[in-house]
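**Q** Okay, handing you the structure first.
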Amino acid sequence: MSDRGYSGTKNINDCLRNKVGFLFNMKCGISGSLTQELIDEERLNLQDLNRRDWYTQVFQVTKKINWIYEPSPVKNQKSTKKTQESEELYWHIYFDRQIAENARQGLFERIDRVREKLANGKALDENEQTLLEEVFEKHEQDDAVSYSIDNKKVDQKLRYKGYRVLVSDEISDAGKAWCAYQERWIVEDTFKTLKSRLGCSRNRVSDNESLTGKTFVQFLATSIAMIVRTRLRKYSEECKKNTALPMVYDGDCRVLDSLNNVMQTKFCGGYYFGEIAGKRRKLFEALGVPVPDAEPEKEQDYDDEEETEF
């Protein structure tokens with residue numbers, strides 16, 4: 001799974017040659033690319049409300065492309081039809097109307113700032129100067145310089161905003177591909193959590209055994225966080241979203257923090273859990289964890305009465 005910085009024909013071919021499954025987020029801004037060609041072909045379909053997925057809340061279309069590649073390339077030797085092989089790839093094309101509108105409004109605001117500065121004779125910064133060259137037409141007459149907006153250039157600049165194209169050799173369902181790619185961000189956020197909350201930016205250990213132990217704890221914490229995300233997503237996909245649970249892409253810290261005040265009172269003869277109701281009970285159900293009973297449970301070796309919060 002990779003972002004747009006690693007997508008491209010070479011990496012797709014390398015994955016196919018090495019039998020490595022992949023999910024690539026393709027660049028949509030490369031003029032004349034297959035990605036833009038497919039978006040243009042499906043542009044009208046991606047405006048059809050019947051193509052809008054209720055779960056991801058984006059319009060989506062899947063196209064199967066017969067991808068031809070060279071399984072064993074030889075340097076300085078051109079491939080031929082005899083040596084080429086083909087693989088069926090799934091190109092999932094998405095359109096998010098809100099993202100497209102945000103991009104449009106953002107561009108209009110930037111254009112307005114440039115026009116305001118030009119009218120007041122103020123200097124443009126580097127980004128504003130670039131925008132001036134991209135979407136404005138310069139007019140010179142009698143030693144006077146004026147600018148007008150080229151609407152065609154503006155439309156072209158916005159043409160592929162709000163679109164995303166994911167390519168996979170294995171995932172044929174557009175919804176599943178979208179969720180799988182979103183999970184990538186959750187994994188990255190989990191590692192950020194490890195760095196910020198557990199102080200793992202630097203391991204700060206004195207010997208190899210401590211390094212191994214701390215790394216293992218980090219691995220376990222990341223695995224548990226991913227399990228939490230997966231179980232919540234599965235619960236949501238089973239049409240139980242009306243249970244007032246947090247949305248599936250809320251941070252796992254927020255989800256677990258909502259269970260942070262479940263109380264357990266220990267004493268000599270056993271222990272009790274406090275009442276668990278409402279939203280917390282639903283979270284236990286979504287996570288597939290049995291809800292603790294209010295009945296006392298026997299536990300040995302308790303010398304002192306104590307109260308624990310977890």
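**Q** Does residue 87 satisfy being more than 27 Å from residue 161 (Cα to Cα), touching a strand residue (DSSP E or B) at 6+ places or on another chain (Cβ under 9 Å) and either open to solvent by less than 40 Å² (accessible area, probe 1.4 Å) or not hydroxyl-bearing (Ser, Thr, Tyr) (or both)?
**A** Against the criterion (more than 27 Å from residue 161 (Cα to Cα), touching a strand residue (DSSP E or B) at 6+ places or on another chain (Cβ under 9 Å) and either open to solvent by less than 40 Å² (accessible area, probe 1.4 Å) or not hydroxyl-bearing (Ser, Thr, Tyr) (or both)), residue 87 qualifies.
**Q** Can I ask one more? Hey, can you tell me all the residues within segment 116-173 that are in contact (Cβ under 8 Å) with a residue 40 or more places away in the chain, open to solvent by 40 Å² or more (accessible area, probe 1.4 Å) and of a type in the set (D, E, K, R)?
**A** Once the filter is applied, which keeps residues that are in contact (Cβ under 8 Å) with a residue 40 or more places away in the chain, open to solvent by 40 Å² or more (accessible area, probe 1.4 Å) and of a type in the set (D, E, K, R), segment 116-173 yields 157, 161, 164, 170, 173.
**Q** Continuing with this model, one more query. Here is a check on your reading of the model: is residue 204 at pLDDT below 75, at positive phi and open to solvent by 60 Å² or more (accessible area, probe 1.4 Å)?
**A** Answer is yes for this residue.
**Q** Would you check which residues across segment 26-73 are of a type in the set (A, V, I, L, M) and open to solvent by 90 Å² or more (accessible area, probe 1.4 Å) and list them?
**A** If the condition is that a residue be of a type in the set (A, V, I, L, M) and open to solvent by 90 Å² or more (accessible area, probe 1.4 Å), then 44, 49, 68 are the ones that fit.
**Q** Mind checking which residues of segment 223-238 are in a helix (DSSP H, G or I) and closer than 19 Å to residue 279 by Cα?
**A** If the condition is that a residue be in a helix (DSSP H, G or I) and closer than 19 Å to residue 279 by Cα, then 228, 229, 230, 231, 232, 233, 234, 235, 236, 237 are the ones that fit.
**Q** Look at segment 41-66 and say how many of its residues are of a type in the set (Asp, Glu) and in contact (Cβ under 8 Å) with a residue 60 or more places away in the chain.
**A** 1
**Q** Taking the condition of being within 27 Å of residue 85 (Cβ to Cβ) and in contact (Cβ under 8 Å) with a residue 60 or more places away in the chain, how many residues in segment 14-38 meet it?
**A** Of the residues in that region, 11 qualify.
The values are calculated or read from the model by the stated rules, or taken from the named source; none is laboratory data. As the structure is a computational prediction, the values presented were derived from the model and not from experiment. Cβ: placed from backbone, ideal geometry, glycine included. Neighbour counts: every protein chain shown. Remember, those area values only see protein heavy atoms, side chains included, never the ligands or the DNA or RNA. Shrake-Rupley method; radii C 1.70, N 1.55, O 1.52, S 1.80 Å.
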